[in-house]
1. Would you compute, from DSSP H runs of 4+ residues alone, the mean residue ellipticity of the chain at 222 nm, taking -39500 (n - 2.57) per run and dividing by the full residue count, rounded to the nearest 500?
2. Give the cysteines in the chain for which no other Cys Cβ lies under 4.7 Å away, or write none if there are none.
3. Provide His115, His195, His151 in ascending order of the number of other Cβ atoms located within 10 Å of each residue's Cβ, fewest first.
4. Which order do the peptides 91-99, 122-130 take when ranked by the mean count of other beta-carbon atoms within 10 Å per residue, highest first?
5. Which peptide among 198-208, 158-168, 183-193 comes first, and what is the full order, when sorted by highest mean count of other Cβ atoms within 10 Å?
6. Hey, what's the Cα Rg ratio for the chain versus the globular rule of thumb, 2.2 N^0.38 Å?
7. Which whole-number percent of Cα pairs in region 142-183 have a distance greater than 11 Å?
Amino acid sequence: MKTPVTENICLSELLIDEIADALQQHGYIQLTEFLPAWLATQLQQEAERLSSISFKPAGIGRQNNLQLDTQIRTDTTLWLDGESLQQHAYLQCMEQLRVGLNRRLFMGLFDFECHFSHYAEGDFYRRHLDAFKGRSNRILSTVFYLNINWHKNDGGELLLYADDQQSPLLVVPPLFNSCIIFLSDVFPHEVLTSHGERYSIAGWYRLNNNSQVHLDPSQ
């Protein structure tokens, strides 16, 4: 069976409208059946295939400040470079969303970076923020899930918090082809201990370093 054409197929204008409205009102949105099923399936297969040969232990920080700290996170990752057909298609979908959100919300999103994540049994990521106000150009976080036949006993849920609250605002199960999108410097979050194999693509829309544009949720 021939793989579908990858350009301009992913997200409807109505879906981008829905995402923009939710980000404007609440600062986050939880989505199901986010991408075409064939693309989600191929990404899942690639993540599973590469996890044992190409993934590296995830660190805290970036570039020269990157450190490994297994008290905070124990997952492994691989950055997407767009070389495979499915990676290219995923990046095209997220580029479509970038352009659509900029058109609707004037967010000034400049580019997008992302990596596969693999949580083996016992892996976790403690509560953290993806960005701190005035100290990072990451503005919008995305997590796309690749777990077929996930069950509650498998663990690995993402907990999204409102500011310094102790109880989560949202519990996100890592269901296949679902996605959570949220403002990077507004919502602390964590990944609960996984009790099986857990795969996802974590990504960030970034501002140009010279841009000061920021969107605050109205509630």
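All of the numbers you see were taken from the coordinates with simple rules; none came from a lab. Given the structure is predicted, the values throughout are model-derived calculations rather than measurements. Note that we place each Cβ from the backbone using ideal geometry, even for glycine, and neighbour counts take in every protein chain shown.
1. Details: 3 runs with 49 residues, N = 219.
After summing the helix terms and dividing by the residues of the chain, the value is -7500 deg cm²/dmol.
2. So, Cys114, Cys179.
3. Numbers: His115 19, His195 16, His151 10.
Result, fewest neighbours first: His151, His195, His115.
4. Working: 91-99: 18.2, 122-130: 16.0.
Taking the mean over residues of other Cβ atoms within 10 Å, the ranking is 91-99, 122-130.
5. Working: 198-208: 21.9, 158-168: 13.5, 183-193: 20.2.
Ranked from most to least packed, the peptides come out as 198-208, 183-193, 158-168.
6. Working: Rg = 16.5 Å, N = 219, 2.2 N^0.38 = 17.1 Å.
For the chain, the normalised Cα radius of gyration comes out at 0.97.
7. On the way: 573 of 861 pairs.
Every Cα pair in region 142-183 considered, those over 11 Å come to 67 percent.
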